[in-house]
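Below is one structure, written out as structure tokens; the observations come after it.
Since every read-out is calculated from the coordinates, none of them should be taken as a lab result. Everything numeric here is computed off the predicted structure, so don't read it as measured data. Cβ sites come from the backbone with ideal geometry, for glycine too, and all protein chains shown count toward neighbours.
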Amino acid sequence: FPRPVQTYKDFKANHQESSGTNSSERVNATFVTLARNSDLWDMVKSIRTVEDRFNRDYNYDWVFLNDQEFDDDFKKLTTALVSGKTHYGLIPKEHWSYPDWIDQDKASEARQEMDRKKIIYGGSESYRHMCRYESGFFFRHPLMMNYEYYWRVEPSIELFCDIRADPFRFMKENDKKYSFVISLYEYEATIPSLWDSVRKFMQNHPEHISEDNAMDFISDNGGETYNKCHFWSNFEIGSLEWLRSKQYIDYFESLDQDGGFFYERWGDAPVHSIAAATMLRKDQIQFFHDIAYYHVPFTHCPNDEKTRLDLRCSCKPKDNFDWRDYSCTNKWFKVNHLERPNGWDKKD
Ligand code: GDP
Ligand code: MN
């Protein structure tokens, strides 16, 4: 497949119909990463892939957040690699500790019990603070307050295709509030009482529940029980203004009062997903077919060969997780009456 003899910028300019934007038309948006200093080398890989496939042409900022101070090595290298401005924030203690209504002995017993049952991250205290922080706080860190949209990036991810059209701009122009590339089923053992808590919130706040929402994606019986489908939140492009809205804050605070971030091990993925599926219209949630993505252990790779060649993708289509049994993306397509992409049933 011949590479055009021109710069990447020229190439994009010749593909206005598929890109239609450039860095002078940037949206008020930032990448955001929660990380430890020890994540540096895994983070470097993620930054390179994001820059190479997208951000070198857009130069969006990047906010790094940590419950401890970032060290100079972390700041020096990440600043060198990011084409936009970088900002480093310390998470305030109140956002990474136990609220006063939590019984810490009960929380500790729950961790030991889940550790004995070999539930993933079941025994980890820091993982719980992380999930609660991603669920309820990152979007109101002072460094995030000036931005309208965010793109969450974790260490050691990979992007396999060029991104020629600005997803931030797409989100804004089309009134999208949340997006995903991979969806799957949550482990029941991490969220036994989450749905009860959600139901209580919905009863107390019917005004926050949207018409034409995506309830059918997360429930197979009109909201009686949760089917455990969720968007995989290690990738997210979303609206910060939505997360900062009264609607979302009421939701988070109601769940937080019930204590499941500590007494169970509620993940930010089901928490964000349930919020999106109940409080947004379903057309405000975007599935980005063309953003090819990997976070251990799952890959999203476009089925359609033309897309893969046009976008110079390096992923193997047979690694695509979308239509496997453990994925919920099939359900997303059914609920939205979408046609699966060309080549979805190809086995090689
Ligand atoms: P997994 O993807 O669910 O296996 O969890 P990760 O270990 O990737 O953690 C999710 C995100 O939170 C990543 O961006 C991590 O770098 C970050 N993270 C996890 N634990 C901590 C922590 O204790 N402190 C900080 N600052 N970041 C954390
Ligand atoms: Mn991760």
(request) Just name one of 232, 266, 195: the one whose Cα is farthest towards the positive end of the charge dipole of the stretch 151-291 (beta-carbon charges, Lys/Arg +1, Asp/Glu -1). (result) 232
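Treating only the Cβ of Lys, Arg, Asp and Glu as charged (+1, +1, -1, -1), what charge dipole size does the stretch 197-348 show about its Cα centre? Round to the nearest 20 debye. It would help to have the intermediate numbers written out before the result.
Working: 19 positive and 25 negative charges, 96 e Å.
Approximately 460 debye in magnitude.
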(request) Counting other Cβ atoms within 10 Å, keep those with at most 15, restrict to DSSP loop, and tell me which GluC sites (Glu not before Pro) in the stretch 216-313 are left. (result) 224
(message) With a cap of 16 neighbouring Cβ atoms within 10 Å, and only residues DSSP puts in a loop, list the chymotrypsin sites (Phe, Trp or Tyr not before Pro) found in the stretch 189-218.
(response) none
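Based on the Cβ-Cβ distance from residue 316 to residue 250, what FRET efficiency comes out when R0 is 41 Å, to the nearest 0.05? Present the calculation step by step, with values, prior to reporting the outcome.
Details: r = 44 Å, r/R0 = 1.06.
In this case the efficiency is close to 0.40.
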(request) Run the quick spin-label model on residue 241 and residue 80: label points 7 Å from Cα toward the beta carbon, then report their separation in nm to one decimal. (result) 3.9
(request) Stick to Cα atoms and the Kirkwood definition of Rh, then tell me Rg/Rh for the chain. (result) 0.96
(message) What distance in nm lies between label points placed 7 Å from Cα along the C-beta direction at residue 73 and residue 296?
(response) 2.0
(message) With +1 assigned to the C-beta of every Lys and Arg and -1 to the C-beta of every Asp and Glu, and no other charges, what is the dipole magnitude of the chain about the Cα centre in debye, to the nearest 20?
(response) 900
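I need the fraction of alpha carbon pairs in the stretch 140-228 separated by more than 15 Å, rounded to a whole percent. List each step's numbers first, then the result.
Details: 2969 of 3916 pairs.
The calculated P(r) of the stretch 140-228 puts 76 percent of pairs beyond 15 Å.
I'd like the chymotrypsin sites (Phe, Trp or Tyr not before Pro) in the stretch 272-333 restricted to DSSP loop residues with at most 12 other Cβ atoms within 10 Å, sorted by number. Kindly include the intermediate steps, with their values, before the conclusion.
Numbers: sites: 287, 288, 293, 294, 298, 321, 323, 326, 332, 333; in loops: 288, 321, 323, 326.
Those satisfying the criteria are 326.
When the dipole is taken about the Cα centre of the stretch 105-169, and only Lys, Arg (+1) and Asp, Glu (-1) are charged at their Cβ, what size is it in debye, to the nearest 20? Let's see the in-between values first.
Details: 11 positive and 11 negative charges, 39 e Å.
It works out to roughly 180 debye.
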(request) Compute all pairwise cysteine Cβ distances in the chain, then list the cysteines with no distance under 4.7 Å to another cysteine. (result) 131
